[in-house]
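Note sheet for the following structure.
The values are calculated or read from the model by the stated rules, or taken from the named source; none is laboratory data. For clarity, every value in this text was computed on a predicted model and none was experimentally measured. We place every Cβ from the backbone using ideal geometry, glycine too, and count neighbours over all the protein chains shown. Accessible surface is based on the protein model in full, side chains and every heavy atom, while ligands, DNA and RNA are left aside. Shrake-Rupley method; radii C 1.70, N 1.55, O 1.52, S 1.80 Å.
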Amino acid sequence: MTRISLTVDGAKVSDDVEPRTLLVHYLREKLGKTGTVIGCDTSNCGACTVHLNGTSVKSCNVLAVQADGGEVTTIEGLAKDGQLHPVQEAFRECHGLQCGYCTPGMIMQSVALLQENPDPTEEEIRLGLEGNLCRCTGYHNIVRAVKTAAGAQS
């Protein structure tokens, strides 16, 4: 076992973990952050996307020990004081979901995209989200939601 300490959604946590434990499993099973979805375990779908030290990562591709000393934000950590994050609100408003399985990862990647590029074109949005798969929507409303969120943040 290896001792790790990190901050998750603003709360400091410290635990003993097996060195091979994936961050996605640690977040879901140990901390109850079930909004971080396991979609493929191979980093292909992006459903497990979280922010690690301000960078968007697929948590099925990161060991929990690699997050030691870091700061993790999950989909549960985006809303503040009962108010949805502008990207969450835009996904709700624009119906940027269908079954909802990919939505947490899409939102987390969209937040990272807008931090890097606050006013992306449709093509830049599609390129920025290409590592996140949706099998239901055809992406039209997802792209619209990101554009709406970009406008709300400016």
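If you scan segment 44-59, which residues turn out to be open to solvent by less than 50 Å² (accessible area, probe 1.4 Å) and more than 21 Å from Gln115 (Cβ to Cβ)?
Within segment 44-59, just Cys45 meets the criteria.
I need a count of the residues in segment 5-24 that are under 18 Å from Tyr101 (Cα atoms) and either open to solvent by 50 Å² or more (accessible area, probe 1.4 Å) or in a loop (DSSP other than H, G, I, E, B) (or both). First the steps, then the outcome.
We begin by selecting, within segment 5-24, every residue under 18 Å from Tyr101 (Cα atoms); these are 24.
Still in the running and either open to solvent by 50 Å² or more (accessible area, probe 1.4 Å) or in a loop (DSSP other than H, G, I, E, B) (or both): none.
Qualifying residue count for the region: 0.
Go through Gly96, Gly35 for me and flag whichever is in contact (Cβ under 8 Å) with a residue 60 or more places away in the chain and either part of a strand (DSSP E or B) or open to solvent by less than 30 Å² (accessible area, probe 1.4 Å) (or both). Even if it seems obvious, please write down each step before you answer.
Numbers: Gly96 fails: in contact (Cβ under 8 Å) with a residue 60 or more places away in the chain.
Selected residue: Gly35, the only one of Gly96, Gly35 that is in contact (Cβ under 8 Å) with a residue 60 or more places away in the chain and either part of a strand (DSSP E or B) or open to solvent by less than 30 Å² (accessible area, probe 1.4 Å) (or both).
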